[in-house]
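Shown next, in structure tokens, is the structure this report addresses.
The values are calculated or read from the model by the stated rules, or taken from the named source; none is laboratory data. Because the structure is predicted, anything quoted here is derived from the model rather than measured. Note: ideal-geometry Cβ built from the backbone for every residue, glycine included; neighbour counts use all protein chains shown. All accessible areas refer to the heavy atoms of the entire protein, side chains included, with ligands and DNA or RNA removed. Shrake-Rupley method; radii C 1.70, N 1.55, O 1.52, S 1.80 Å.
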Amino acid sequence: MTGLGEFLTLPALVAGAIAVSLNVYAVSGGADFGGGVWDLLASGKRRDQQRALVAEAIAPIWEANHVWLILVIVLLFTAFPAAFARLMTALHIPLTLMLLGIVLRGSAFTFRSYDSKRDSVQRRWGRIFAIASVATPLILGMIVGAIATGGLPNLDRASTLGFARDFIWPWLSPFPIGVGVLALSVFAFLAAVYLTVEAPSEGLREDFRARALGASLVVVVVAFADLLLAQSGAPLVWSALTTGSFAMLLRFGAAFFALAAMAALWRRGYRAARVLALLEVSMIVWGWAWGQFPYIVPPDLTIENAAAPPVTLRLLLGAVVVGLVLLAPSLRYLFRVFKPVT
Amino acid sequence: MSNLFAARSQMAVSLAFHIIFAEVGIAMPLLMTIAEWRWQRTGDAVYLDLAKRWAKGTAILFAVGAVSGTVLSFELGLLWPTFMRHAGAVIGMPFSLEGFAFFTEAIFLGVYLYGWDRISPRAHLTAGALVAISGAASGIFVVIANAWMNAPRGFRLVNGQALDVDPVAAMLNPAALSQTIHMTIAAYAATALAVAGIHALMLRRAPLTGLAEQLQRFHRAALGVTLAVGIPAAILQPISGDLSARFVALWQPVKLAAMEGQFETERGAPLRLGGWPNESRRQTRFALEIPRALSLLAYHDPEATVQGLEAFPRDEWPPVPIVHAAFQLMVGLGTAMALVAAWAAMVAVRRRSLLFGPGDRWLLLAIATVAPFGFLATEAGWFVTEVGRQPWIVFGLLRTSEAVTPMPGLILSFLLVTLLYCALGVVVVWLLWRQIIRTSGETLHESRERALSKRAP
């Protein structure tokens, strides 16, 4: 039914690059937000050490990881300007809230690093950092979920159905909220798994192992609940994910890697768990991408009819290829310096 | 407040806030890298102290710059979706390139800030240089996109549809060269002289506060590095300003007329210093007029004809008083900076050294006085180019009022952004003062011990 040719069109390739960027953002920048979740939930006798580990783990890399999101945005508005305009209008409110979270998370984290080391000062910035780290992924997930519902209004001209039905309910309904919770739990899960590898002591490692195991269960439960919610909340995604052999591959792939990651955590195979968690989350991201394909903003904007002219797409694809070739060694260097294999 | 005005105000606040951090993000890495390079060359630990202290301040400013820049990339669509729907395919390219340049900047800034003890001195210095280069590149790409809004190229507009799109031609628009040069030099002049001013003030007060000899050396070295960048930048900026103004005269004569408060079309037009343009009376009063100087400056011919605002339909005028006042302010501040820079250059040439001491009291006072001028001039300059382009968002083609989002109640997001940025601004200034500037004496000793135990290469 679907030949390979369908995936090798110019718009599909650029859309693929956007999905890859989003995937990498989820497992890098997303995990930095997840770190903030564990800052908020720090507990036990190693509470302060847990917080210090989170801070140390994300300090050198969060700004670079954050750029994947900027890349998603600039690729989207260059290659699919009509979709970008539609999304930025219909999702104005949650996007503004997400930006608020992004600004507060980044600023508060930096302020905490450079402000006085007095406890009260550290706690104040720490609290803002942690709360923003929880709120932002939640809203990001709701935005993605709202797109997937296919219920975003076309507001190119003016408000049509009344304020609440145009600007509030499309993202404040069960399925988008479910996706928000999924994003939050996925990011927290990834962060906990990464921290088991990076923990400097056995005690801290056990702390984050317990957290990773708990979060992995939450991810599985929420992902399953979201799939059920999709049946009525996002019918397009539901039908794409429940029919065809490729959908089955994604579904079973995600389930397999989820179980394998749990098993690895259980057996304290942290490096293996990290790889498996990465694969599990990537499967979820691609499940969503597949569920929407070929729509960018269902039910009417596809990657073909919302695409910029071919000349723009060709140049952009060239820039992406050259850019990634230049970036890859730089990123590898960054992670080799700060996340040494020991 | 109308929705359109709220959107414009929110964009103005967001840009005005971000531009300061963007300038710092372009120029500070250069200053840090020069200081570190001096340390590696001379083994003088005072330069290592300097690089580390500046790096701390840069870390704070860069983080706020990164998140406020993210806000802007979303606001393009949140506030101006119709603009982005038309312009995205034409001018998205430089934004994408900026994405990659900024990526490089963020990666190597992480390496630079946290890698002091993890990588070799040479690798560390290289990381600093890469931050400086990619920071300048990302600034240039964004300004190219803004230049396109002043001189849109690379497409044909047919029935509201962009046809024959050519992103390369859009990037090579005629405003790109003068605008990128002007903004890049502005970043170096504003940042370097602002930092120079802080150190000049500390040095000048040294005899009063009994500053230790070691700390005096620190501030002298800082002044040397910042002036090495700030002096040429501040002196070159009026020349690049002339280039920019001549571009405006040629391509956006209505903006030039507003900048100069020129209502009538006139041969041998005078240059007006100060004055207040009255749009309804169509005259600029209380200005000091220098005969024929505007024609001379704008067209390099004292008898050239300058088109006045009257040559254009009334509904295509930008708000004249704002543009005129902002332009005067920018030129005045820039001139003051160039004069102080020239003075410092003369003293330095006579002495064959950029190391000033507390004895240069008047020069230090002058440098400290112009410290905020560069950032103020930058703000004024952005008012000239952005307000001067009104009522257009894409000059001559798409009106700002047609591009605004249908989302109602934008006053709320405008207030939210304004409050947030006011609070962030206060915290940043307070942190820089408390944790970076005021404590420079206390921590010097500690970092010196570390430096000595490591030995310079």
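How large is log10 I(q)/I(0) at q = 0.09 Å⁻¹ when the Debye formula is applied to the Cα atoms of chain A, each weighted equally and without solvent?
-0.49
How about B:K52: which aspartates and glutamates have a C-alpha closer than 13 Å to its C-alpha, ignoring those fewer than 8 places off in the same chain?
Partners found: B:E36, B:D117, B:E446.
Estimate the FRET efficiency between B:R246 and A:L324 by the formula 1/(1 + (r/R0)^6), using the beta-carbon distance for r and 41 Å for R0, to the nearest 0.05.
Working: r = 40 Å, r/R0 = 0.97.
Result of the calculation: an efficiency of 0.55.
Cross-link partners among aspartates and glutamates for A:K45, C-alpha distance below 12 Å, same-chain residues fewer than 8 apart left out?
Cross-link targets: A:D207.
To make sure I understand the rule: partners must be lysines, Cα under 17 Å from the Cα of A:K117, and not fewer than 8 residues away in the same chain. Which ones qualify?
Straight-distance partners of A:K117: B:K56.
Per residue of segment B:114-123, what does 6.51 cos²θ - 1.76 cosθ + 1.60 with θ = phi - 60° give for ³J(HN,Hα)? Whole Hz please, x for Gly and Pro, Karplus curve as stated.
Values per residue, Gly and Pro as x: 10, x, 3, 9, 10, 10, 5, x, 5, 4 Hz.
With a point put 7 Å past each Cα toward its Cβ, work out how far B:D44 is from A:F246 in nm, to one decimal.
6.4 nm
Once A and B are treated as a pair rather than alone, how much accessible area drops out, both sides summed, in Å² to 100, probe 1.4 Å?
Protein heavy atoms only, the A-B interface buries about 5600 Å².
Between beta-carbons, use under 13 Å as the cut-off and find the net charge around B:P291, counting Lys and Arg +1, Asp and Glu -1.
That sum, taken over residues with Cβ under 13 Å, equals 0.
How much length, in nm to one decimal, is gained on full extension between B:E289 and B:R438, taken as 0.36 nm per residue of separation minus their Cα-Cα distance?
49.1 nm
Using only the Cα atoms, what convex hull volume per residue in Å³ does segment B:288-401 have?
163 Å³
Which log10 I(q)/I(0) values, to two decimals, does chain B give at q = 0.08, 0.09, 0.11, 0.14 Å⁻¹ under the Debye formula with one point per Cα?
Result of the Debye calculation: -0.51, -0.64, -0.93, -1.35.
What's the carbon and sulfur percent of the protein assembly as shown's accessible surface, probe 1.4 angstrom, rounded to a whole number?
Its accessible area is 67 percent carbon and sulfur atoms.
Give me, ordered by chain and number, the residues 5 or more places off A:L155 or on other chains with an amide H under 5 Å from its own placed amide H.
none
Tell me, what is the 1.4 Å probe accessible area of A:L241, in Å² to the nearest 10?
20 Å²
Taking chain A as a Gaussian network, Cα atoms linked when under 10 Å apart, which of A:S120, A:S28, A:S282 shows the biggest mean-square fluctuation?
A:S120
Need one value for B:414-426: mean number of C-beta atoms belonging to other chains within 10 Å of its residues' C-beta atoms.
Shielding by partners across B:414-426 averages 2.
How much accessible area per residue does segment A:243-342 have, in Å², with a 1.4 Å probe? Could you put the intermediate results ahead of the total?
Numbers: 5290 Å² over 100 residues.
In whole numbers, segment A:243-342 has 53 Å² accessible per residue.
Accessible area drop of at least 20 Å² (1.4 Å probe, protein heavy atoms): which residues of segment B:119-141 qualify, relative to the chain alone?
B:I119
Over segment B:1-73, give the accessible area per residue in Å² for a 1.4 Å probe, as an integer.
Values: 1990 Å² over 73 residues.
Here the per-residue accessible area is 27 Å².
Is segment A:192-312 best put as rounded, prolate or oblate by its Cα gyration tensor, with a ≥ b ≥ c the root eigenvalues, rounded for a/c under 1.5, and otherwise prolate when a/b is larger than b/c, oblate when not?
The shape class here is prolate.
For segment B:33-144, what ratio Rg/Rh do Cα atoms give with a Kirkwood hydrodynamic radius?
1.10
Hey, how many Å between the Cα centroid of segment A:171-191 and the Cα centroid of segment B:205-242?
51 Å
Quick check: the distance between the Cα centres of segment B:343-375 and segment B:291-327, to the nearest angstrom?
A separation of 36 Å, based on Cα centres.
Sorting B:E379, A:E56 by accessible area (1.4 Å probe), largest first, what list results?
Output order, biggest surface exposure first: A:E56, B:E379.
Per residue, how much accessible area does segment B:88-160 have with a 1.4 Å probe, in Å²?
32 Å²
Contact order normalised by length for chain A, with contacts defined as Cα pairs under 8 Å and 6 or more residues apart; what percent is it?
Over chain A, the number comes to 23 percent.
Taking all pairs of distinct Cα atoms, average 1/r, flip it, and tell me the Kirkwood hydrodynamic radius of segment A:106-165 in Å to one decimal place.
Working: mean 1/r = 0.0688 Å⁻¹.
Evaluated over segment A:106-165, this radius sits at 14.5 Å.
At 1.4 Å probe size, put A:H92, B:H300 in order of accessible surface, largest to smallest.
Result of the area sort, largest leading: B:H300, A:H92.
Magnitude of the Cβ-charge dipole of chain B, K/R +1 and D/E -1, about the Cα centre, nearest 20 debye? Present the calculation step by step, with values, prior to reporting the outcome.
Working: 36 positive and 29 negative charges, 280 e Å.
Value, rounded to 20: 1340 debye.
Search the structure for amide H atoms under 5 Å from the amide H of B:L398, placed 1.01 Å from N in the peptide plane, and list their residues when 5 or more places away or on another chain.
Result for B:L398 returns B:I393.
Just to confirm the filter: which chymotrypsin sites (Phe, Trp or Tyr not before Pro) across segment B:279-349 are DSSP coil and have at most 10 other Cβ within 10 angstrom of their Cβ?
Answer by residue number: B:F286.
Please compute the modelled spin-label separation between B:L163 and B:Q214, points set 7 Å along Cα→Cβ, answer in nm with one decimal.
7.4 nm
Can you give me the Cα centroid spacing of segment A:97-113 and segment B:384-420 in angstrom?
25 Å
What does the convex hull of the Cα atoms come to per residue for the protein assembly as shown, in Å³?
Working: hull volume 132.0 nm³, N = 799.
Spelled out: Cα convex hull of the protein assembly as shown, divided by residues, is 165 Å³.
Using a 7 Å offset from the Cα along the Cα-to-Cβ direction at both B:A311 and B:W343, what is the distance between the two label points in nm, to one decimal?
Label-label distance for B:A311 and B:W343, simple model: 4.0 nm.
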